[in-house]
Amino acid sequence: MIHKPAITEYPTYFTKYIELVATDDLLQELQMNGKQIIAKLQDLSEDEANFRYAPGKWSIKEVIGHMIDTERIMSYRALRIARGDVTPLPGFDENAYVKHSDFSERTLTNLLNDFSIVRQSTINLLEPLSADACSRVGVVSNNEITVRALGFIIAGHELHHRNVIVERYISALA
């Protein structure tokens, strides 16, 4: 079982994501919330999936794409740190990623399938890690972070965006 990280294992910026994860079992959370977000969104029409709740905001498809990109990046960081790579890793500009993504050209089904595959890949990466590997520290955007913290950030990031989708998008569509 991969337990919640101590507050000293990640930059304070990520506290908002980690605190959204109610359980102390990361792998169970990743499996459960991955299925829940797909169930919540799979019946949206393409028009609904392209909905923006305000001018200049991402569409639901773009939010899903952002979640996919972020999980890929966080998993890559976790892989490198877990394997003992001490090379400092850079940040990324999520707005530039979405701008150059063409997520609106993809179907909702395709995006949700991609999310499911990325999520299973994340679980497959984290599941066999030893406690020692989960505790390894790396440097990302000039901040120290553990593999365990990256896993919980992935879970909390998805929960954060699911809440945004429900509160700002789906409620506006209703």
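The values are calculated or read from the model by the stated rules, or taken from the named source; none is laboratory data. Since this is a predicted model, take the numbers as computed values, not measurements. Note: ideal-geometry Cβ built from the backbone for every residue, glycine included; neighbour counts use all protein chains shown.
Numbers at a glance
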{"item": "Candidates I18, I37 - the one that is surrounded by 13 or more Cβ atoms within 10 Å (Cβ to Cβ) and closer than 17 Å to L111 by Cα", "result": "I37"}
{"item": "Hits in segment 136-174 (condition: part of a loop (DSSP other than H, G, I, E, B), at pLDDT 95 or above and loosely packed, with under 15 Cβ neighbours inside 10 Å)", "result": "S141, N142"}
{"item": "Pair list, Cβ under 7 Å, 6 or more apart: segment 83-108 residue within 24 Å of I145 (Cα to Cα), other residue assigned to a loop (DSSP other than H, G, I, E, B) and modelled with pLDDT of 95 or more", "result": "G84/R136; P90/S141; G91/S141"}
{"item": "Subset tally (residues that are without any contact (Cβ under 8 Å) to a residue 40 or more places away in the chain, farther than 25 Å from K99 by Cβ and more than 16 Å from the chain's Cα centre (by Cα)) for segment 26-65", "result": "2"}
{"item": "Among residues of segment 78-128, those that are in contact with a Leu (Cβ under 7 Å, 6 or more places away or on another chain) and under 30 Å from N50 (Cα atoms), counted", "result": "6"}
{"item": "Matching residues, segment 1-55, being farther than 30 Å from V140 by Cα, assigned to a helix (DSSP H, G or I) and among the hydroxyl-bearing types (S, T, Y)", "result": "none"}
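Per-residue answers, yes or no, for (1) more than 14 Å from the chain's Cα centre (by Cα); (2) loosely packed, with under 11 Cβ neighbours inside 10 Å; (3) at negative phi; (4) assigned to a helix (DSSP H, G or I):
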| position | (1), (2), (3), (4) |
| --- | --- |
| S101 | yes, no, yes, no |
| S104 | yes, no, yes, yes |
| N110 | yes, no, yes, yes |
| S116 | no, no, yes, yes |
| R119 | no, no, yes, yes |
